[in-house]
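Report on the following structure.
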Amino acid sequence: MGLFDFVKSVGKKIGIGDEEPSAEDLKKELDSHKLGTENVEVAIEGDKAVLKGNVTNQEILEKAIIAVGNSLGVSKVDTGGLTVDQTTTGSVVKEPVFYTVKKGDNLWKIAESQYGKGKGAKNTLIFEANKPMLSHPDKIYPGQVLRIPELG
């Protein structure tokens, strides 16, 4: 699918001590969210995480990208070897929309910047789209990458 950029120096600390996360560490982190990523393999090439395998839908694909990418030490996530099962989705996979949190951001501001002025109340959609990686709407940080779902 593509190559997605993340901020290497921020994110959840996965490895032991000051070590970069291993492919095994990232796979454990990914699976801990119970997203449906059992058929996804994780490899590491420098500071790039490579995801290969199959997921059942677009949402799982996007959540897998941010679950791995928002890990300390990961600067890119390559999903070129990751496919979405077209038989369950019945539609074409779309290019994901992500947003990198800036200093001073909150979900309301992000919703207005992504959906338009007066649409800040749609911040709950962004929060829900990033669960279980986000546990609380106020716990976002600069450099974190969030999924931005389409307005339904």
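Every number here is computed from the coordinates shown, using simple stated rules; none is lab data. Predicted model, so just to flag it, every value in this text is computed and none were measured. So basically every Cβ, Gly included, is an ideal-geometry build from the backbone, and we count neighbours across all protein chains shown.
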Next on the checklist: If the requirement is being touching a Pro at 6+ places or on another chain (Cβ under 6 Å) and of a type in the set (D, E, K, R), which of these qualifies: E62, E112, E45?
Outcome noted: E62
Checklist entry - Counting only residues that are more than 23 Å from K76 (Cα to Cα) and in contact (Cβ under 8 Å) with a residue 12 or more places away in the chain, how many does region 130-143 have? => result 2
Item to check | Residues located in region 134-152, provided they are closer than 19 Å to S32 by Cβ and surrounded by fewer than 17 Cβ atoms within 10 Å (Cβ to Cβ) | outcome: S135, H136, K139
Checklist entry - Of all the helices (runs of 4 or more DSSP H) wholly in region 18-100, which have at least 3 residues that are more than 14 Å from the chain's Cα centre (by Cα)? => result 23-32, 86-89
Checklist entry - Assuming L146 fulfils every condition listed in (1) assigned to a strand (DSSP E or B); (2) free of Cβ contacts under 8 Å to residues at least 24 places away in the same chain apart from one, which condition is it? => result (2)
Next on the checklist: Kindly evaluate N130 against the criterion of being out of contact with any strand residue (DSSP E or B) (no Cβ under 6 Å at 6 or more places or on another chain) and among the polar types (S, T, N, Q).
Outcome noted: no
Next on the checklist: It is to be established whether one or more residues within region 115-129 are surrounded by 15 or more Cβ atoms within 10 Å (Cβ to Cβ), in a strand (DSSP E or B) and without any contact (Cβ under 8 Å) to a residue 60 or more places away in the chain.
Outcome noted: no
Checklist entry - For region 10-54, which residues satisfy the criterion of being loosely packed, with under 13 Cβ neighbours inside 10 Å, touching a helix residue (DSSP H, G or I) at 6+ places or on another chain (Cβ under 8 Å) and touching a residue at least 24 places away in the same chain (Cβ under 8 Å)? => result none
Checklist entry - Out of all the residues in region 112-152, which are among the small types (G, A, S) and within 17 Å of the chain's Cα centre (by Cα)? => result A129, S135, G143
